[in-house]
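S.K.: Let me begin by handing over the structure; questions about it come next.
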Amino acid sequence: MCALAHKLEEQGFATVALASIRVQAERTRPPRALWTAAPMGRPVGEPSDAAFQTRVLTAALRLLERTDGPVILEDFPEIPPGLTDTPDWVAPALPLPGRYGLMENWRTELQAAMPLWHTAQARFGRTSVGLSGTEPSSWADFFVSILAGELPVLANLDTTALSVRFVCDDVKAFYGEVAQAVGPKPSAMQVDTWFWRQTVAGDVLRAIRAAAMASENNALKTVGGRFFVPAPWVA
């Protein structure tokens, strides 16, 4: 986006970039950029937090009034609420891993999480799960085929790489909703820490990433290295 800002400015369009990775903005030097400490994909803060989002957007738009360029890189001063733990939140109680292997343990965990997922849908009136067009009950079998070196393609999708990426996205969305099914809303960092460090699903996605990286399918290798597991949670 920083590089695109230069092209737009050359055509006479004023731009402001919302930067999630400050070092990247420093290197690409967009005409105007506001860096926020929010997690990747949420540069203006958490969903439904209109007050914080408005403050971020207002600060970004004010950069258009500045004349001290050609490059302006400002830091948004507030810590996003998503990085501040909710004291009373309790992680969902899911079964501890058994002795039956990664995928069987995950099947057990998924089955136990399903009622919480339905509770979350009733609580919020929606779900963001469904990008892959598959049901949670099919995810384990799909991933077993990937770990076996097969290259399945889901209906309505063109490639294995896109199929695996969308199932991975659905898994993360599923567990994100499970984490919010009951009690106070957790922070984004609490959800991430729970998912990547305390669930079998987190281990499954790391295994899928490793399989993708070892694949001879270049598209799957590329997507696996970039999208399945965020960098802080790879190890």
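S.K.: Could you list all residues from region 33-54 that are in contact with a Pro (Cβ under 8 Å, 6 or more places away or on another chain) and either at pLDDT below 85 or not small (G, A, S) (or both)?
M.R.: Selection gives T36, A38, P39, M40, R42, E46, D49, F52.
S.K.: Condition (residue is under 25 Å from T160 (Cβ atoms) and in a helix (DSSP H, G or I)) applied to region 128-135: is it met by at least one residue?
M.R.: no
S.K.: Something else now. All but one of (1) among the basic types (K, R); (2) buried (at least 16 other Cβ atoms within 10 Å of the Cβ); (3) closer than 18 Å to P97 by Cβ hold for R209, so report the exception by its number.
M.R.: It is condition (3) that R209 fails.
S.K.: Inspect region 114-127 for any residue being in contact (Cβ under 8 Å) with a residue 12 or more places away in the chain and within 19 Å of A212 (Cα to Cα) and give the result as yes or no. Even if it seems obvious, please write down each step before you answer.
M.R.: Start the filter on region 114-127 by keeping residues that are in contact (Cβ under 8 Å) with a residue 12 or more places away in the chain, which leaves 114, 116-117, 119-121, 123-124, 127.
Of the ones still in play, those that are also within 19 Å of A212 (Cα to Cα) are none.
For region 114-127, residues in contact (Cβ under 8 Å) with a residue 12 or more places away in the chain and within 19 Å of A212 (Cα to Cα): absent.
S.K.: So, in region 143-171, exactly how many residues are surrounded by 21 or more Cβ atoms within 10 Å (Cβ to Cβ) and under 17 Å from D203 (Cα atoms)? Don't jump to the end; show me each part of the working.
M.R.: Filtering region 143-171 for residues surrounded by 21 or more Cβ atoms within 10 Å (Cβ to Cβ) gives 143, 146, 160-161, 163-165, 167-168, 170-171.
Now restrict to residues that are under 17 Å from D203 (Cα atoms): 143, 146, 164-165, 167-168, 170-171.
Count: 8.
S.K.: Related question: How many of the residues in region 62-86 are part of a helix (DSSP H, G or I) and within 26 Å of the chain's Cα centre (by Cα)?
M.R.: 3
S.K.: Still on this structure, please answer the following. Could you grab the pairs with beta carbons closer than 6 Å, sequence gap of 6+ or different chains, first residue in region 61-80 and in the same structural domain as A38 (by TED's automatic domain parsing), second one exposed (fewer than 13 other Cβ atoms within 10 Å of the Cβ)?
M.R.: So the pair list comes out as L64/A14; I72/R66.
S.K.: Name the residue, out of L57, L110, that is modelled with pLDDT of 95 or more and buried (at least 18 other Cβ atoms within 10 Å of the Cβ).
M.R.: It is L110.
S.K.: Look at region 21-50 and say how many of its residues are part of a loop (DSSP other than H, G, I, E, B), exposed (fewer than 14 other Cβ atoms within 10 Å of the Cβ) and without any contact (Cβ under 8 Å) to a residue 40 or more places away in the chain.
M.R.: Let us first name the residues in region 21-50 that are part of a loop (DSSP other than H, G, I, E, B), namely 21, 29-31, 36-49.
The next check asks that each one be exposed (fewer than 14 other Cβ atoms within 10 Å of the Cβ); those that pass are 21, 40-41, 47-48.
Filter again for without any contact (Cβ under 8 Å) to a residue 40 or more places away in the chain, leaving 21, 41, 47-48.
Selection size over region 21-50: 4.
S.K.: Moving to a separate point now. With the structure loaded, tell me whether Q11 is within 21 Å of the chain's Cα centre (by Cα), without any contact (Cβ under 8 Å) to a residue 24 or more places away in the chain and farther than 19 Å from I79 by Cα or whether it fails that test.
M.R.: Values: within 21 Å of the chain's Cα centre (by Cα): no; without any contact (Cβ under 8 Å) to a residue 24 or more places away in the chain: yes; farther than 19 Å from I79 by Cα: yes.
Against the criterion (within 21 Å of the chain's Cα centre (by Cα), without any contact (Cβ under 8 Å) to a residue 24 or more places away in the chain and farther than 19 Å from I79 by Cα), Q11 does not qualify.
S.K.: Which helices (runs of 4 or more DSSP H) sit wholly inside region 145-235 and have at least 1 residues that are closer than 18 Å to W117 by Cα?
M.R.: Those helices (runs of 4 or more DSSP H) span 160-179, 188-198, 200-214.
S.K.: Here are some residues: A188, A140, A181, A201. Which one is buried (at least 16 other Cβ atoms within 10 Å of the Cβ), touching a Lys or Arg at 6+ places or on another chain (Cβ under 6 Å) and over 17 Å from T222 (Cβ atoms)?
M.R.: A140
S.K.: From the list W106, W89, which residue is in the same structural domain as A201 (by TED's automatic domain parsing) and either touching a residue at least 60 places away in the same chain (Cβ under 8 Å) or not in a helix (DSSP H, G or I) (or both)?
M.R.: Details: W89 fails: in the same structural domain as A201 (by TED's automatic domain parsing).
Going through W106, W89 in turn, just one is in the same structural domain as A201 (by TED's automatic domain parsing) and either touching a residue at least 60 places away in the same chain (Cβ under 8 Å) or not in a helix (DSSP H, G or I) (or both): W106.
The values are calculated or read from the model by the stated rules, or taken from the named source; none is laboratory data. Since the structure is predicted, the reported quantities are computational estimates derived from the model, not experimental observations. So basically every Cβ, Gly included, is an ideal-geometry build from the backbone, and we count neighbours across all protein chains shown.
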